[in-house]
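Data block below; observations after.
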Amino acid sequence: ANDEIWPNLIIRKLLENRNFEVGFINRIADHLNTVFLPDRVTHVIDSLKTLIEPEIGQHYDRWGSPDRDTWEQAIQSMKSFAVDRPNHLRNHIRRHFETGSEIRLTVDSTDPAHGMVKVNSIHINEKSGGPERFVVPWSGTYFSGVPVTMEAVPEPGYRFSHWSGSEVSENPIISITPNGNLILKAHFVSVDGAD
């Protein structure tokens, strides 16, 4: 029996702490809403395929496998896994942690020159470049009953004014325990008071 439980003892003990559990669930949700989006993973697979493809013929000539059909099937299998992973992992989270249903959290349009919104670990920032660029309006899938933290971050020359939508608050950092879909918008004003 000990052989079955020792490899995951540390994570099991950490998950006994509610704050760690919430952070763990939200970190998985954040990753599923960003780096593990099927389109992004498929793009990475295609990029690597393009890079490796010229070597496959020589590889086969030297080692006798995989043949091109087997190689293509393996790539398709990875793409199918990328498409199926989010739903399977969300189902595992819901069952294991007994969370509520999936909810949709939407960050409504905010002028990127005025400020940006952070959802848990995700910076929703049109001005950033590269593959981690998430533009508003932005939506992600989270779990009802699991608190989500949102932070409004003003750009220089602006200050946070208030949140509107599903939650109304003048606090730039809010924690919401959703029981349904959420739409929130951060409002910023210039430090001299003009919009």
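Looking across the range 136-195, not a single residue is more than 23 Å from T34 (Cα to Cα), open to solvent by 70 Å² or more (accessible area, probe 1.4 Å) and in contact (Cβ under 8 Å) with a residue 60 or more places away in the chain. Regarding R95, is this residue at pLDDT 90 or above and assigned to a helix (DSSP H, G or I)? Against the criterion (at pLDDT 90 or above and assigned to a helix (DSSP H, G or I)), R95 qualifies. Return a yes/no flag: does the range 8-16 have any residue that is closer than 30 Å to K118 by Cα, in a helix (DSSP H, G or I) and touching an Asp or Glu at 6+ places or on another chain (Cβ under 9 Å). Yes, the range 8-16 contains a residue that is closer than 30 Å to K118 by Cα, in a helix (DSSP H, G or I) and touching an Asp or Glu at 6+ places or on another chain (Cβ under 9 Å). If you go through the range 40-98 and keep only what is of a type in the set (S, T, N, Q) and free of Cβ contacts under 8 Å to residues at least 40 places away in the same chain, you end up with S47, T50, Q58, S65, T70, Q73, Q76, S77, S80, N87, N91. If you go through the range 102-117 and pick out every residue that is open to solvent by 30 Å² or more (accessible area, probe 1.4 Å) and either out of contact with any strand residue (DSSP E or B) (no Cβ under 9 Å at 6 or more places or on another chain) or modelled with pLDDT under 95 (or both), you end up with 6. Of V44, V83, V22, all but one fail to be assigned to a helix (DSSP H, G or I), touching a helix residue (DSSP H, G or I) at 6+ places or on another chain (Cβ under 6 Å) and not small (G, A, S); the exception is V83.
Hey, does the range 1-23 have a residue that's free of Cβ contacts under 8 Å to residues at least 12 places away in the same chain, of a type outside the set (S, T, Y) and surrounded by 15 or more Cβ atoms within 10 Å (Cβ to Cβ)? Yes; the residues of the range 1-23 include at least one that is free of Cβ contacts under 8 Å to residues at least 12 places away in the same chain, of a type outside the set (S, T, Y) and surrounded by 15 or more Cβ atoms within 10 Å (Cβ to Cβ). From the list E102, E98, E55, the lone residue that is over 27 Å from P137 (Cα atoms) and under 27 Å from the mean Cα position of the chain (by Cα) is E98.
The values are calculated or read from the model by the stated rules, or taken from the named source; none is laboratory data. Computed from a prediction, not measured in an experiment: that's the story for all the values here. Here Cβ is always computed from backbone atoms with ideal geometry, including for glycine, and neighbour counts include all displayed protein chains. Protein only, heavy atoms only, side chains kept; ligands, DNA and RNA dropped before computing areas. Shrake-Rupley method; radii C 1.70, N 1.55, O 1.52, S 1.80 Å.
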